[in-house]
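Here is the structure we will look at.
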Amino acid sequence: MPSPAASARFVLAPAALAGAAGWLRRAAATMPVDASAVQVDVVIHAGRDRASIAYCLAGLCAQTLRPRRVRLVEDAAVLQDGTATIAREFARMHGLRLETVALHGAGGAVSIAGLQANALDGDVLVVLDARTVLDSPDWLARCVDALQRDPRAAAACGVRLPLGDADRRRWAQSDPFRRWLGGDDWRDPLAARDAFARVSRRLADAHGECAGLVQRRFVEVGHARLFGGIGRPSGAVAYRRRALAAVAASMPHAAVDAFSLGAAFASAGLRIVPVPGAVAREHGAHGCMGTMRARYQDTQALLGAVWPPARRAPGRGVLRALAFDRIAVPAVALALLLAGQGALLVALMAVEATVWLAALAVVVSGPRRRALAAGLAALPLRWLDLAIDSVAAGAFACRRLRQRSEWPVAS
């Protein structure tokens, strides 16, 4: 049974408490496997990513396990900005076998994964966005090893963290990147241009870094030990290609998203396993507003995956459990405010923040003081998630009522 969590931000919510209970359990002993004979293909989903594709390919060149081939998939309906040209130049200089494909209506990385599972013939299919960098040099090796150890594992996900300005400066000094530059100067086109943007992005990155570490190394590791897997693939993902092809074949292309794919794996008796030592960094949300927008969209997508009547399928119970967290936590906070129990709400928030910071201190691999300082700075954004979830749930309910659809009875 997979975990009921996809992104449990509040550690006193039921899904996070279940993860804490599982985290305390001892991990099952496994034997090392030889992943050198596994054929790994990489698919990169690209839009207008001229500014980030070189970072992405530099991360692939630094991997200890070399991919057999790399396929860059662009949406033909989007006006291109030269991403493929830069990718071909970078790949030629570093001996990467790169193919470029343009698809109409390609969709996101998850829907592209379903399409490319049948188009390629490797053992493992790694799918990532062009704004993602495999920060751990053994990311591929770790994820392939996780798939080889567990015959029921259909996908493996590492830790997904923000790609900040300092991370891009570090990658710009790496050997693959400097070789591509050929001695030319590099001005980061993704860097913040003014003081306000820099402060906003640093707060958002601190929020994403701390939340990602607690989610992936504490909550999801606990769920994997307790339930056998996690609820959905996210970020850079390594798939067992044949398992992905079999599951995606039964799903309409337009309906393939992270939530529905996770439910389909669960229905097939397969699971998604976390790999806490494999770190990938992604340039995504732009500052605090981008972080709030991403949270709103994620909550909307989760609720949409759970409650349309056409989607009552085996495996969606795990998503309903997560949706319950997204609705129940802000509902409890609102109820306490309306009941005049503001002091009790503040006390609960203080306890929750203390537990969350303690979990962060346990899972962080760098200096703890620096991580805790970042965690404290991120607390206002975490509490703002309560309001965002409330607004997203209200907007979803209004849209469903306008569509005159009946809400299914929870089974």
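Just a few scattered comments:
- Conditions (1) closer than 24 Å to Ser365 by Cα; (2) in contact with a strand residue (DSSP E or B) (Cβ under 8 Å, 6 or more places away or on another chain): number failed by Gly262: (1)
- Test set (1) in contact with a His (Cβ under 8 Å, 6 or more places away or on another chain); (2) under 23 Å from Ala243 (Cβ atoms) - Asp75 fails condition number: (2)
- Pick from the stretch 200-232, criterion touching a Cys at 6+ places or on another chain (Cβ under 9 Å) and not charged (D, E, K, R), ranking: surrounded by the most Cβ atoms within 10 Å (Cβ to Cβ): Ile230
- Selection status of Leu334, farther than 13 Å from Ala211 by Cα, modelled with pLDDT of 90 or more and in the same structural domain as Val391 (by TED's automatic domain parsing): no
- Residue within the stretch 213-224 that is assigned to a loop (DSSP other than H, G, I, E, B) and modelled with pLDDT under 90 present: no
- Yes/no for Leu72 being assigned by TED's automatic domain parsing to the domain that holds His104 and at pLDDT 70 or above: yes
- Take the conditions (1) in contact (Cβ under 8 Å) with a residue 12 or more places away in the chain; (2) surrounded by fewer than 16 Cβ atoms within 10 Å (Cβ to Cβ); (3) not polar (S, T, N, Q); Pro151 misses just one of them, which is (1).
- Lone qualifier among Leu65, Leu120, Leu96 - being closer than 20 Å to Ser174 by Cα, surrounded by fewer than 21 Cβ atoms within 10 Å (Cβ to Cβ) and in contact with a strand residue (DSSP E or B) (Cβ under 6 Å, 6 or more places away or on another chain): Leu96
Every residue, every condition in (1) assigned by TED's automatic domain parsing to the domain that holds Glu282; (2) within 16 Å of the chain's Cα centre (by Cα); (3) modelled with pLDDT of 95 or more, yes or no:
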position: Thr83; (1), (2), (3): yes, no, no
position: Leu115; (1), (2), (3): yes, no, no
position: Ala130; (1), (2), (3): yes, yes, no
position: Leu134; (1), (2), (3): yes, yes, yes
position: Asp165; (1), (2), (3): yes, no, no
position: Leu181; (1), (2), (3): yes, no, no
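- The residue pairs whose first member lies in the stretch 329-355 and is part of a helix (DSSP H, G or I), whose second member is β-branched (Val, Ile, Thr), and whose beta carbons are closer than 8 Å, counting only pairs six or more residues apart or on different chains, are Glu352/Val11; Val355/Val11.
- Of the residues contained in the stretch 159-172, one or more are found to be free of Cβ contacts under 8 Å to residues at least 12 places away in the same chain and of a type outside the set (D, E, K, R).
- Test for Ala238: is it modelled with pLDDT of 85 or more, surrounded by fewer than 18 Cβ atoms within 10 Å (Cβ to Cβ) and hydrophobic (A, V, I, L, M, F, W, C): no
- Residues being of a type outside the set (A, V, I, L, M) and buried (at least 22 other Cβ atoms within 10 Å of the Cβ) - total across the stretch 36-60: 7
- Matching strands (runs of 3 or more DSSP E) fully within the stretch 100-208 where at least 3 residues are touching a Phe, Trp or Tyr at 6+ places or on another chain (Cβ under 8 Å): 124-129, 153-162
- The set of residues from the stretch 192-218 being within 14 Å of the chain's Cα centre (by Cα) and among the β-branched types (Val, Ile, Thr) comprises just one member, Val214.
- Answer residue from the stretch 293-319, given it is over 14 Å from Ala397 (Cβ atoms) and crowded, with 19+ Cβ neighbours inside 10 Å and is modelled with the lowest pLDDT among those: Gly315
- Meets criteria (out of contact with any Cys (no Cβ under 9 Å at 6 or more places or on another chain), closer than 30 Å to Arg202 by Cβ and at pLDDT below 80) for Asp325: yes
- Residue in the stretch 274-288 that is over 25 Å from Trp139 (Cα atoms) and crowded, with 18+ Cβ neighbours inside 10 Å present: yes
- Residues in the stretch 247-267 that are of a type in the set (Gly, Ala, Ser) and crowded, with 16+ Cβ neighbours inside 10 Å: Ala248, Ala258, Ser260, Gly262, Ala263, Ala264, Ala266.
The values are calculated or read from the model by the stated rules, or taken from the named source; none is laboratory data. Remember, it's a predicted structure, so these values are computed and weren't measured experimentally. Glycine gets a Cβ as well: all are built from the backbone with ideal geometry, and neighbour counts include every protein chain shown.
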